[in-house]
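The structure appears below as structure tokens.
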């Protein structure tokens, strides 16, 4: 009994002691993907440079913005990377601050679409990606977004849940394939609803797909290009579809929390992350497609990423405002048609 | 010596105050949120809105259905298991009880995780079905109510078995032989003797299992995902994704009411049978 | 202080919450006396004993022990020993450690402690069992440990709660002897609580009969057994035929029945009269009854009679002629044998 | 006759398979040489077991969960033992209300506890996540502590305390000298039960995570969603063996199952 109390007190001391050891702490909030690579390429080198401690929170974009809102009065996070639409949502809720782009040395090297994606000065894109379909080339052939719903395929697909970043672009492209691309996405959601019993699952995080694919639970799923690399390591015949309707674009952006006490440090970190050197390393490890136009990589690497000016310009982005204004309606339609 | 009330309160109150402060008060505030209108008055509007959504209706009914189903099935299996265990020698009984308790010690995350491997299209169950020729193509079990049902059953069955074992052990030893001597068949013995004599264990086990199903989050989250929502996963979504705290409060209230109602209902059932028997005498 | 009132309870009132369990009780106990508190359950005897020990706060009145007012003294400062009905041995301690418990708290240690404990254990004949745990002992052995544990503390008063009730008949006799021996050898003042009149009669110097939180009668065993002063005590010690007196006759449901007083004797002036079944004379007398039931009890035979007085219990030697059920016979309730009761409940 | 004699072994076999089977699969998978969680395992290797120890976030969240489980259970016992004592020894007016308040956290879904703490304690009062988790886990363990300790107090005669007091001990002394030694098995059982409950707890902690502050099960769930190698299985097995080891030892030496 006594020893247990002592032991727990020791653990308590150890944890608080750890936090006090370094006074400068930058708290960032990111996607959970590829944290090992980030740690090696971004976090550790940055901590060495700034002499500060980096605390990393992970989770999906919407959840983390929700949390930022809950902690609005007393912000915990200094800097976050979220989806384009969520960045606008955060900015509308006054959770983020205008970014002083003069402090970002690589700002001018960014592709134009990444410089100020929401035209509000409160976010900077650090990576963009194509949304298409990852599939088993031995089991099926995908030439159009609508192919997913072929009767022989539909029992083997996973679809992004409406709450994820991937849902809207995917539904949007599906709408194009169906020839009914209204902003309310009614037609594609109706299609999902008709097939809801067949579809294996509605995934929350694209990382789940790897296991499902490996277990042959699914043969195909719409996904962002950032999720591609792990599929190539499965030892299964996997392919990235290039549907005739094209690929939807998605972008992840950096934001600075309003009221952050470490704003300069946050900007220093963003500058580091956006630098050509770091963006190149991230690209080489297939972690993120670079938003920095000065990054050069081999053709093989480029082929596995969403790379280059031409690609960037071909992607079909849903404007954040459209996404935000329609989001509630999409969710309602989805819940009515798919959810029950 | 144990007369001093002030002393008793001094001992009991710290725990009560602690539980009230970090638990009861915040929960009550949360629950009250669901009954507030924008102008600060009291209203049931949020409940009306909640139940008008077909999704919410479906999730509510599914939660109720799965909870009831898991409770009933675990009672049936629980009796068979508890009988078998009680009939063993003391040493074997101890080992078997340990085996039943064992899963309770293992992280539910790990236990649920295993079902992904077992129930998948290439999992053991499907492999066995195909070898036995029970199905041609692999069945899809994951992300269905069936998967959640299996997961919840495995999670909470031990609670039922433990409750029934102690109920059976506390039963008068001569009750079953006496009924047999009086000419009752096994079905009658169960229905007329064992059930009434063990109903308290059944009520305790049933309450534990049913409330367990209402409070389980991991199992529906992993085995159902957003395709097959239950109230607890829906609530998480409402908070984490939609930031809709009013809806979360409504769900919280429904869950709490359901678990209290289950408790009362089961108690009522137990006492009803009791009074019937007393009246018959 | 006098030896006449080594322990005295003065106007003692005890309560559990708002319900009064003992009211205005007065009792004086002499040093070295062996007192039995006798009464049915709920009469307040255990409550009184717990108040003497200090386990129950006193509502009003005083507890005075050896000239000192103990009313507000904490139980651990009273020098009062208590042998619990369930013995209350410490299950995690050996016999030795149970007995040593109180001595260690007094700060005793080393050889002094050891010799005291050893002799305490030996005095109750358990020397061989010093290392056992209570659970490994029989009920009688456990009780002797409890007795030794209290006695080594040399208490001013030793209280015993139903000391014989958990023992079988043979052990009961053994324990009775044991208690008397302890009392004789140490001269300790003892108060024991019992609901069994035989136990009280056989052990006690004086018996305090209690009823509903008040003392009904105090007296020597002979007093209590032969001269109960109330219908309650009379009934308790086996006077099964009890009558109130009304206008010089026995009060019955159908009015007063005149008594036949033997010539030369005074008519009784008490509130009531009581007879043991043994005292009833069968075959002669002024009353008539019908045999309702009979039972054979070895050396004697018991009868239940229906009479104008109501049901009467009689007991006669087995050698007397047998009266079959339904037979009509005359009987007598001899007034000179009757216990004279001053109170009828 | 045959039907009945087959009934018991068949039932027990199926029961054991259903209850323990999934766990065995997890254990088998932890020793797999393959890259993903699958059964039957592909080859044998210790790589996943070893990998568990190299994942930094596991180490941090393990420390956090340990702190919560040990600290929370200790705190729950510090609050719970006196409360159990009061409830089992005294005739306390409102005892049922106190009992209900103290055991309420067991009935209310954990996710609600976590959310209400976040919304109405953490955010408005600026309480740190670690402290909030500690409070939540303490509240969660309290019902178990009170239940198990009450049960062992109820099994212990209260007159031994009176006996100790009459032999010269103080009230407090009597508690420590004769009550504690006799309920220590119950307390240890409560400790183990509380520890396991806290350590495996997910819903309460779900909303209570902050940057760098996460309990192990939450971290495992997050890791599982990202990486599908068998290291989570390996970690699960390690934790399970840890719990089983503790419980086995407790059962062996103290008869733990009497109190559960």
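The values are calculated or read from the model by the stated rules, or taken from the named source; none is laboratory data. Small disclaimer: the values here were computed from a predicted structure and weren't measured. In this analysis, Cβ positions are derived from the backbone assuming ideal geometry, glycine residues included, and neighbour counts consider all displayed protein chains.
Of the residues making up the range B:137-147, none is facing chain D (nearest Cβ under 10 Å), more than 16 Å from the chain's Cα centre (by Cα) and farther than 21 Å from residue B:169 by Cα.
For the range C:113-127, which positions are in a helix (DSSP H, G or I) and under 21 Å from residue C:185 (Cβ atoms)? I'd like the intermediate steps shown before the answer.
To start, the set of residues in the range C:113-127 that are in a helix (DSSP H, G or I) comprises C:113-123, C:127.
Hits for the range C:113-127 are C:115, C:116, C:117, C:118, C:119, C:120, C:121, C:122, C:123, C:127.
Any chance the range A:235-252 includes a residue that's within 13 Å of chain D (Cβ to nearest Cβ), within 27 Å of residue A:110 (Cα to Cα) and surrounded by fewer than 20 Cβ atoms within 10 Å (Cβ to Cβ)? No, every residue in the range A:235-252 fails to be within 13 Å of chain D (Cβ to nearest Cβ), within 27 Å of residue A:110 (Cα to Cα) and surrounded by fewer than 20 Cβ atoms within 10 Å (Cβ to Cβ). Here residue D:212 clears all of (1) in contact (Cβ under 8 Å) with a residue 40 or more places away in the chain; (2) more than 7 Å from every other protein chain (Cβ to nearest Cβ); (3) farther than 30 Å from residue C:75 by Cβ except the condition numbered (2).
Counting only helices (runs of 4 or more DSSP H) that fall entirely inside the range B:105-195 and contain at least 2 residues that are touching a helix residue (DSSP H, G or I) at 6+ places or on another chain (Cβ under 8 Å), modelled with pLDDT of 85 or more and crowded, with 23+ Cβ neighbours inside 10 Å, the qualifying elements are B:108-119, B:145-169.
So, in the range A:84-98, of the ones that are in a loop (DSSP other than H, G, I, E, B) and out of contact with any strand residue (DSSP E or B) (no Cβ under 6 Å at 6 or more places or on another chain), which residue ends up surrounded by the most Cβ atoms within 10 Å (Cβ to Cβ)?
Narrowing the range A:84-98 to residues in a loop (DSSP other than H, G, I, E, B): A:93-95, A:97-98.
Next, from what is left, pick out any that are out of contact with any strand residue (DSSP E or B) (no Cβ under 6 Å at 6 or more places or on another chain): A:93-95, A:98.
On the way: A:93: 14, A:94: 12, A:95: 23, A:98: 12.
Among those that are in a loop (DSSP other than H, G, I, E, B) and out of contact with any strand residue (DSSP E or B) (no Cβ under 6 Å at 6 or more places or on another chain), it is A:95.
Any chance the range D:109-119 includes a residue that's outside any helix (DSSP H, G or I), within 14 Å of residue D:205 (Cα to Cα), out of contact with any strand residue (DSSP E or B) (no Cβ under 9 Å at 6 or more places or on another chain) and at pLDDT below 95? So far as the range D:109-119 goes, yes, one or more of its residues are outside any helix (DSSP H, G or I), within 14 Å of residue D:205 (Cα to Cα), out of contact with any strand residue (DSSP E or B) (no Cβ under 9 Å at 6 or more places or on another chain) and at pLDDT below 95.
Taking the criterion of being over 30 Å from residue A:331 (Cα atoms) and either at pLDDT 90 or above or crowded, with 18+ Cβ neighbours inside 10 Å (or both), would at least one residue in the range B:41-56 satisfy it?
No, because not a single residue in the range B:41-56 is over 30 Å from residue A:331 (Cα atoms) and either at pLDDT 90 or above or crowded, with 18+ Cβ neighbours inside 10 Å (or both).
The number of residues in the range C:39-77 being touching a helix residue (DSSP H, G or I) at 6+ places or on another chain (Cβ under 7 Å) and either within 14 Å of chain B (Cβ to nearest Cβ) or closer than 22 Å to residue C:187 by Cα (or both) comes to 8. Could you grab me the full set of residues in the range B:200-227 that are assigned to a loop (DSSP other than H, G, I, E, B) and either within 12 Å of chain D (Cβ to nearest Cβ) or in contact with a helix residue (DSSP H, G or I) (Cβ under 6 Å, 6 or more places away or on another chain) (or both)? Result: B:216, B:217, B:225. Restricting the range B:18-40 to residues that are more than 9 Å from chain D (Cβ to nearest Cβ) and touching a helix residue (DSSP H, G or I) at 6+ places or on another chain (Cβ under 9 Å), which is surrounded by the most Cβ atoms within 10 Å (Cβ to Cβ)? So the residue we want is B:34.
Screening the range D:78-90 for residues that are more than 8 Å from every other protein chain (Cβ to nearest Cβ) and in contact with a helix residue (DSSP H, G or I) (Cβ under 7 Å, 6 or more places away or on another chain) and picking the one that is modelled with the lowest pLDDT gives D:88. The one condition from (1) facing another protein chain (nearest Cβ under 8 Å); (2) within 30 Å of residue C:108 (Cα to Cα); (3) out of contact with any strand residue (DSSP E or B) (no Cβ under 6 Å at 6 or more places or on another chain) that residue D:203 does not meet is (2). Of the residues making up the range D:42-65, those that are without any contact (Cβ under 8 Å) to a residue 24 or more places away in the chain and either surrounded by 19 or more Cβ atoms within 10 Å (Cβ to Cβ) or facing another protein chain (nearest Cβ under 9 Å) (or both) are D:56, D:63. For the residues C:58, C:63, C:83, C:22, the requirement of being under 18 Å from the mean Cα position of the chain (by Cα) and over 30 Å from residue C:132 (Cβ atoms) singles out C:22. Listed by position, the helices (runs of 4 or more DSSP H) inside the range A:19-83 whose residues that are away from chain D (no Cβ under 11 Å) and out of contact with any strand residue (DSSP E or B) (no Cβ under 8 Å at 6 or more places or on another chain) number at least 2 are A:44-50.
Looking across D:124, D:93, one residue alone is without any contact (Cβ under 8 Å) to a residue 24 or more places away in the chain, out of contact with any strand residue (DSSP E or B) (no Cβ under 9 Å at 6 or more places or on another chain), surrounded by fewer than 20 Cβ atoms within 10 Å (Cβ to Cβ) and facing chain B (nearest Cβ under 9 Å). It is D:93. Considering only the range A:209-222, how many residues are in contact with a helix residue (DSSP H, G or I) (Cβ under 6 Å, 6 or more places away or on another chain) and within 14 Å of chain D (Cβ to nearest Cβ)? Count: 2.
Determine, yes or no, whether residue D:100 is surrounded by fewer than 23 Cβ atoms within 10 Å (Cβ to Cβ), in a helix (DSSP H, G or I) and touching a strand residue (DSSP E or B) at 6+ places or on another chain (Cβ under 6 Å). It is false that residue D:100 is surrounded by fewer than 23 Cβ atoms within 10 Å (Cβ to Cβ), in a helix (DSSP H, G or I) and touching a strand residue (DSSP E or B) at 6+ places or on another chain (Cβ under 6 Å). Screening residue D:6 against (1) over 24 Å from the mean Cα position of the chain (by Cα); (2) more than 10 Å from chain B (Cβ to nearest Cβ); (3) crowded, with 20+ Cβ neighbours inside 10 Å; (4) part of a helix (DSSP H, G or I) leaves a single unmet condition, (3). Annotation note: of D:131, D:118, the sole residue that is more than 7 Å from chain B (Cβ to nearest Cβ) and surrounded by fewer than 24 Cβ atoms within 10 Å (Cβ to Cβ) is D:131.
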